[in-house]
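What follows is a set of notes on a single structure, which appears directly below.
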Amino acid sequence: MAENPTFTTCLMAICFITRLASTLGKSKPWTGVLPPQIQTLDFARNLHVEPDAIKSVSSDYGNIVHENPAAVLYPSSIEDITSLIKFSYNNYTPFTVAARGHGHSVGGQAMASNGVVVDMMSLRNHKNGTGITVSKCPSLGFYADVGGEQLWIDVLHSTMEHGFAPVSWTDYLYLSVGGTLSNAGISGTTFRYGPQISNVYEMDVVTGKGELVTCSSHTNSELFYAVLGGLGQFGIITRARIALEPAPKRVKWVRMLYSDFSAFTRDQERLISINGRKQKNALNYLEGSLLMAQGPPNNWRSSFFPSSDIPNIMSLVTQHAIIYCLEVAKYYDDGTRHTVDKDLQQLFKGSSFVAGFKFEKDVSFVDFLNRVRSGEQKLHSQGLWDVPHPWLNLFLPKSRILDFNKGVFHDLVLKRNITTGVVLFYPMNRKKWDDKMSAVIPEEDVFYTVGFLHSSGFNDWQAYDHQNKDILKFCDKAGIEIKQYLPLYNSNKEWINHFGSKWRNFRERKAQFDPKMMLSPGQRIFNDM
């Protein structure tokens, strides 16, 4: 018997309407922003629009930007994510999608106003311990396959069970793997090992078309390089293969104080010039920071200085207005514990820190990497963690650091006298970065990262925001070609200037992997195009 096409079409329509009606009969309070058909799809069971769900993703660590999505997806599988994005991509009016890791952005970068936020942390509840696996192969040696939703602290603990660990870290470990790889992932280890994006072999990525693609430098390489440092614009990282090396046991952790900025930067640059990954005499970590009278020497990032030395340190700060702190670490194990002190003495030979202001600690490798955790817990207990964080992070060319020190640190920050939090200032080597990746850095061989990591009250964060803007204005007027790390811009023109020579390639990659411009709208890169 021949099939009647009209009858079949009508029957399918009736079935769809019946299913939709039954779903709507017990539906959630949909806003009307999302297509109602979304409720009939399998992943809809994990799509939530309740006020508590919306509120949980409408803010971030910055606690300044607040935007409500239409819904939150709590995926139970990667398929939920691919289905969501594919549905939006094929819809007549696509909606935006943003992946949220641990919510540590500061300017709403992981938000999707009237779109869908994918809470990646939900995947951690469905992997039954399979989110991190350590393996070995002849070409790569040991590596870890890690879910994009995993936190770096969990990667550390899991790999340490096998005697291995990644080599490139962020200062704070309670960040998601997908989140840091979408930016770069930097810390005092970057000068030697490169950013975290330089230590990835392979990834699984859900593109803006809803396609799950495995990519590496050899396979689907255009997507691979686009996603690393790509600010979430080309896909959602669901798995990353991370390079591992044998983990040390302990760390010699040293801080030295400087009153002279030129001596401080000269010693930093000399120390990072020894940066071969196999050079046993090289440091493993180097960062610099500022100490000023309006802020205590010890802060939430680490209570390093002995309390008995605080009066002498503050006296030095009072005398010079700004003291520059050089912080370094050298790892060791049973085989090198007898030589580590000698190696450090050799490295410090000729250094120009203030006599009598060198401080040392000997800590476990895990305690060193997780040094920020105790400060976080203390702030949580005092109700001071979930406050506004008007941060500003910059990459600064080495050739202009003297101008920056005078024009910003002395003529702006000191005189305004509101900066009480952490101010980081330390160099990196450009050769440790891969220019094929999306991340943007200055052109010079050595450049500095400057981090104003402010915490404020809910009523005075604008003062820090104004200071940040004045710092940017000073750099622009002085012709200092900075690049923002964790960038915050509001116009397409500013983004074009930020990416510079990389903009054309960045835009072409967007057209290739997210042609309907659905992903990561909170970055505000393509919103006004």
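Descriptive notes on the structure:
- A search for C-beta distances below 8 Å between a residue of the range 107-127 that is basic (K, R) and any residue that is open to solvent by less than 10 Å² (accessible area, probe 1.4 Å) and not in a loop (DSSP other than H, G, I, E, B), counting only pairs 6+ apart in sequence or on different chains, returns R124/G147; K127/G147.
- Restricting the range 258-275 to residues that are outside any strand (DSSP E or B) and hydroxyl-bearing (S, T, Y), the residue that is least open to solvent (accessible area, probe 1.4 Å): T265
- Summed over the range 104-132, the residues that are at pLDDT below 95 and β-branched (V, I, T) give a count of 1.
- Residue in the range 424-434 that is surrounded by 15 or more Cβ atoms within 10 Å (Cβ to Cβ) and more than 20 Å from I272 (Cα to Cα) present: no
- Which numbered condition T159 fails, given (1) open to solvent by less than 20 Å² (accessible area, probe 1.4 Å); (2) within 27 Å of N393 (Cα to Cα); (3) not aliphatic (A, V, I, L, M): (2)
- Number of the exception - K86 against (1) crowded, with 20+ Cβ neighbours inside 10 Å; (2) within 30 Å of P36 (Cα to Cα): (1)
- Restricting the range 444-470 to residues that are over 20 Å from G188 (Cα atoms), at pLDDT 95 or above and among the acidic types (D, E), the residue that is farthest from the chain's Cα centre (by Cα) is D470.
- So Y193, is it within 21 Å of R277 (Cα to Cα), surrounded by fewer than 22 Cβ atoms within 10 Å (Cβ to Cβ) and in contact with a strand residue (DSSP E or B) (Cβ under 8 Å, 6 or more places away or on another chain): no
- Among the candidates K342, K278, residue that is at pLDDT below 95, open to solvent by 70 Å² or more (accessible area, probe 1.4 Å) and not in a strand (DSSP E or B): K278
- Residues in the range 145-183 that are closer than 13 Å to R124 by Cβ, in contact with a Gly (Cβ under 7 Å, 6 or more places away or on another chain) and not β-branched (V, I, T): 6 in all.
- Consider the range 297-339 and keep the residues that are among the small types (G, A, S), in contact (Cβ under 8 Å) with a residue 24 or more places away in the chain and in a loop (DSSP other than H, G, I, E, B). The one that is least open to solvent (accessible area, probe 1.4 Å) is A321.
- Residue match in the range 396-407 (condition: acidic (D, E), in contact (Cβ under 8 Å) with a residue 12 or more places away in the chain and part of a loop (DSSP other than H, G, I, E, B)): no
- Condition check for T130 on (1) in a helix (DSSP H, G or I); (2) open to solvent by 20 Å² or more (accessible area, probe 1.4 Å): one failure, at (1).
- If you go through the range 89-102 and keep only what is under 19 Å from the mean Cα position of the chain (by Cα), in a loop (DSSP other than H, G, I, E, B) and buried (at least 22 other Cβ atoms within 10 Å of the Cβ), you end up with just G101.
- Selection over the range 487-524 of residues that are aliphatic (A, V, I, L, M) and open to solvent by 20 Å² or more (accessible area, probe 1.4 Å) gives a count of 4.
- Selection status of E360, among the acidic types (D, E), in contact (Cβ under 8 Å) with a residue 24 or more places away in the chain, under 25 Å from R192 (Cα atoms) and assigned to a loop (DSSP other than H, G, I, E, B): no
- Screening R371 on (1) among the charged types (D, E, K, R); (2) surrounded by 18 or more Cβ atoms within 10 Å (Cβ to Cβ); (3) not in a loop (DSSP other than H, G, I, E, B) shows it passes everything except condition (3).
- For the range 73-82, the set of residues classified as out of contact with any strand residue (DSSP E or B) (no Cβ under 9 Å at 6 or more places or on another chain) and more than 21 Å from I54 (Cβ to Cβ) consists of S77 only.
- The set of residues in the range 67-88 that are out of contact with any Asp or Glu (no Cβ under 9 Å at 6 or more places or on another chain) and not in a helix (DSSP H, G or I) comprises E67, N68, P69, A70, A71, S76, S77.
- Only a single item in (1) in contact (Cβ under 8 Å) with a residue 24 or more places away in the chain; (2) not in a loop (DSSP other than H, G, I, E, B) is not met by R45, and it is number (1).
- Considering the conditions (1) part of a strand (DSSP E or B); (2) surrounded by fewer than 20 Cβ atoms within 10 Å (Cβ to Cβ), H218 is excluded by exactly one of them, (1).
The values are calculated or read from the model by the stated rules, or taken from the named source; none is laboratory data. Predicted model only: the values in this text are computed from it and were never measured. A quick note on method: Cβ atoms are made from the backbone with ideal geometry, for glycine too, and the neighbour counts reach across all protein chains shown. For accessibility, only protein heavy atoms count, side chains too; no ligands or nucleic acids. Shrake-Rupley method; radii C 1.70, N 1.55, O 1.52, S 1.80 Å.
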